[in-house]
Amino acid sequence: MWLYLLRRIVLAASIIVVAVMLLFFMIHAVPGDPAAVLLGPRATPEMKALLHQQMGLDKPLLVQIVTFFVGLLHGDLGFDVFTQRPVADIVFEQLPYTIELILVSIAWAVVVAVPLGCYSAVRRNSVIDKIIGVMAVGTIAIPSFVMAIYALLIFSVGLGWLPAIGAGSGFTDRLNHLVLPAFVVGIGWVGYISRLVRASMLEILGENHIRMARSFGLSENRIVARYALPLAILPTVTIIGVGMAHLLSAAVFVEVVFARPGIGALTVKAVDSRNYPIVMGTVLVTTVLFVVSTTVADLVNAALDPRIREKL
């Protein structure tokens, strides 16, 4: 198990290094001078040169990459070019909003989708199974930004049930502001997870140990809950971990549409203003979140399935 953890740590570090290097090259491939964007059309060449020097853009690209990694080892992500505040402080101020949105979204999606998938598998080809299947495919097919716009128009503008923008202040107000964005991010995962659980359950329910449990006279509910579901849920755990990138991308659209603070909205603003340090900081944090989520998913799978532990 320790060897497995060591391999995952080395892999995670390699992914982060490669992602940061690719981001450096992609940012510098974007047309336009960041100094001209930041200073405006009246900026003089001397002002642009000074800003290039302050941002480190006057140095070769490889030197910039090495400088960033050296600073990263000391916990330094650089400074915002506008406010001169540490990038780490700005990013970690916005990070809790994105994390709470993702966690609430996936939590309610799992709570709803797993029972639906189990019921569809047990009542295969029934009318309710077909209705769940149609609704699942429909929710998967609708993009997050389209769902966000229509949810905003219906529940906030039309019905006035939920607030339209912002994150709120205080526990109750923040929870009220979180309902609609979490619904938008999680609704597609309800359909996806329910279909995945249904397919896994159908496969598990046809295996020999399930038939043996039925021959001993165990109730169907106990067979499903005790023997089938723990195995059928394994692909779902893996998909949720790997799907962190999809959740983060959905959160970007939702944070922009609902004017919520968060990593996604911060990244969009930083890209528009060519604020390189903020872009690097947000991408680094999201990459770490993705790597950590996939690692946790693998560890949960190993905890649920003894066969995986034997292979480690």
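Once the C-beta distance of residue 269 and residue 215 is scaled by a Förster radius of 45 Å, the resulting FRET efficiency is 0.10 to the nearest 0.05.
In this structure the amide hydrogen of residue 79, modeled in the peptide plane, comes within under 5 Å of the amide hydrogens of 87, none closer than 5 places in sequence on its chain. Listed values for region 152-157 are Karplus-derived 3J(HN,Hα) couplings in whole Hz (6.51 cos²θ - 1.76 cosθ + 1.60, θ = phi - 60°), namely 5, 5, 7, 7, 9, 6, and x replaces Gly and Pro. Counted residue by residue at 0.36 nm each, then reduced by the alpha carbon distance between them, the extension gain from residue 123 to residue 238 reaches 38.9 nm.
Judged by the mean number of other Cβ atoms found within 10 Å, the most tightly packed of the peptides 180-191, 117-128 leads the ranking 180-191, 117-128. Placing dummy labels 7 Å off each Cα toward the beta-carbon, the span from residue 130 to residue 70 is 6.9 nm. Computed over region 77-161, the P(r) tail beyond 18 angstrom holds 68 percent of alpha carbon pairs.
No value in this document is a laboratory result; all are computed from the given coordinates. Note that this is a predicted model, so its numbers are computed, not measured. Virtual Cβ from ideal backbone geometry, glycine too; neighbours counted across all protein chains shown.
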